[in-house]
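The values are calculated or read from the model by the stated rules, or taken from the named source; none is laboratory data. Everything numeric in this text was worked out from a predicted model, so none of it was measured. Here Cβ is always computed from backbone atoms with ideal geometry, including for glycine, and neighbour counts include all displayed protein chains.
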Amino acid sequence: MGTRTPIDERLYRKTIINETTGCWEWQGGINNIGYGMIKDTEFNNMRTTHRVSYEVTHGKIPKGKCVLHTCDNPRCVNPDHLFAGSLLDNTRDMIKKDRHNHYGSRSKQKCDHCDMVAQKGLLARWHNDNCKHKK
């Protein structure tokens, strides 16, 4: 059997640094909510790239903790933009960044490039940058 390329090498090989934000943006596959995904050949499963990046640089993720982004960019794997927090920390972060559902309703917004209408936070976070009508 051939030598396997370590996951950290495969992770950082597929990133581009955004000079404006400082984000290290994953250029490989993503899941349905915009987070990067990478194959962990050691355990033969798929993992989110931000969690892999956190573990490579900061060590094991504490039990019961999430890995959160200070930049709010789900494709970002910059270890300086990642921190471990509780579910409560994640919820507070979501509220602070206005990505939560206000009392069961959510204002809608229209894409700048097409006619898609979605919740404000979802549209800004996942659709606008990837809109196929973007010029």
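Worth pointing out:
- When Lys39 is tested against (1) closer than 22 Å to Arg4 by Cβ; (2) out of contact with any helix residue (DSSP H, G or I) (no Cβ under 9 Å at 6 or more places or on another chain); (3) charged (D, E, K, R), just one condition goes unmet, and that condition is (2).
- Selection of first residues in the stretch 45-56 that are assigned by TED's automatic domain parsing to the domain that holds Val67 and of second residues that are acidic (Asp, Glu), restricted to Cβ pairs under 6 Å at least 6 apart or on distinct chains, gives the following pairs, ordered by first then second residue: Arg47/Asp40; Val56/Asp8.
- Of all residues in the stretch 43-65, exactly one satisfies the criterion of being under 26 Å from Ala118 (Cα atoms) and part of a strand (DSSP E or B), namely Thr48.
- Residues of the stretch 1-13 that turn out to be in contact with a strand residue (DSSP E or B) (Cβ under 7 Å, 6 or more places away or on another chain) and either among the acidic types (Asp, Glu) or surrounded by fewer than 14 Cβ atoms within 10 Å (Cβ to Cβ) (or both), as a count: 0
- Of all the listed residues (Ile38, Ile16, Ile33), the sole one being at pLDDT 95 or above and loosely packed, with under 14 Cβ neighbours inside 10 Å is Ile16.
- Condition broken by Leu122, with the remaining ones in (1) surrounded by 15 or more Cβ atoms within 10 Å (Cβ to Cβ); (2) of a type in the set (A, V, I, L, M, F, W, C); (3) at pLDDT 75 or above satisfied: (3)
- Strands (runs of 3 or more DSSP E) (entirely within the stretch 1-42) containing at least 1 residues that are assigned by TED's automatic domain parsing to the domain that holds Thr70, more than 16 Å from His81 (Cβ to Cβ) and of a type in the set (Asp, Glu): 37-40
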